[in-house]
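These notes concern the structure reproduced below.
The values are calculated or read from the model by the stated rules, or taken from the named source; none is laboratory data. Quick caveat, the model's predicted, so the values are computed rather than measured. As a convention, Cβ positions derive from the backbone with ideal geometry for all residues, glycine included, and neighbour counts pool all protein chains shown. For the accessible areas, the whole protein counts, side chains as well, though only heavy atoms, and no ligand, DNA or RNA atoms are used. Shrake-Rupley method; radii C 1.70, N 1.55, O 1.52, S 1.80 Å.
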Amino acid sequence: MAQAPARLLVAGMGDALATWFEARTCSVAQVRNMRGGATTRGAGALAELCYHTLLADGPQALTAVRNHTVTPALERIVEANTLLSGLGFESSGLAAAHAVHNGLTAAACTRTRLHGEKVAFGVLTQLVLEGAPAAEFDTVLDFCAEVGLPTTFAALGLDDPDQETVTTIAARATAPGETIHNEPFTVDVPMVVDALRTADALGRR
């Protein structure tokens, strides 16, 4: 993995970044996990550990991969991106962040972006949608900026998208059966449009 393109490690971190926030949401909403069972405290603990590992070790792990070296920080990020994130999401569930990823695929210009890159922007959108504290949002935003995950529409290939495009993304994200409906409140297209645009504005800030 230390010989692989750094972008792949970063995208893995973007996907893993969603684990704790989606697990937390699914726990609050008391929805079934990806296997149809109930969320456990152990799954939540793994998901939270995943998040804290990303913050603590992500930037140094990225430096290691850019230099094709193996460090303890890289080892821990590999664990977070695969084991902790995998167990955390399967045993807890998904929410808005991955639904926003799916919504973004409706815009052809985003298809050159990797899964985790779009999920990372989905995390920012989910935090806006949920009304997360500013300090928490800023911590996630700073992390994304430091490791090079997209924080704006432009970084996803959407240069100044018009209202129709953003509405199409939001409509896809809120389609029946989407995981955005695991949020503990009713979510509709206008709410997601507003959350997307606000996340973009905060990212540009």
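Summary table below
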read-out	value
Count of the range 161-190 residues which are farther than 19 Å from Ala18 by Cβ and either open to solvent by less than 40 Å² (accessible area, probe 1.4 Å) or touching a Leu at 6+ places or on another chain (Cβ under 9 Å) (or both)	3
Selection count where residues are in contact (Cβ under 8 Å) with a residue 40 or more places away in the chain, over 20 Å from Gly116 (Cα atoms) and in a loop (DSSP other than H, G, I, E, B), scope the range 176-205	3
Count of the range 1-29 residues which are farther than 11 Å from Ser92 by Cβ and either assigned to a loop (DSSP other than H, G, I, E, B) or among the polar types (S, T, N, Q) (or both)	5
Selection count, the range 55-95, where residues are in a helix (DSSP H, G or I) and in contact with a Ser or Thr (Cβ under 8 Å, 6 or more places away or on another chain)	14
Among (1) polar (S, T, N, Q); (2) modelled with pLDDT under 95; (3) under 19 Å from Val119 (Cα atoms), the one test that Thr25 misses	(2)
In the range 140-157, the residues that are surrounded by 13 or more Cβ atoms within 10 Å (Cβ to Cβ) and either of a type outside the set (A, V, I, L, M, F, W, C) or in contact with a Cys (Cβ under 6 Å, 6 or more places away or on another chain) (or both)	Gly148, Pro150, Thr151, Thr152, Gly157
When residues of the range 37-74 are limited to those that are open to solvent by 30 Å² or more (accessible area, probe 1.4 Å) and modelled with pLDDT under 95, the one nearest to Ala2 (Cα to Cα)	Gly42
Near pairs, Cβ below 7 angstrom, 6+ apart or cross-chain, from the range 30-51 (among the charged types (D, E, K, R) and part of a helix (DSSP H, G or I)) to any residue that is modelled with pLDDT under 85 and open to solvent by less than 60 Å² (accessible area, probe 1.4 Å)	none
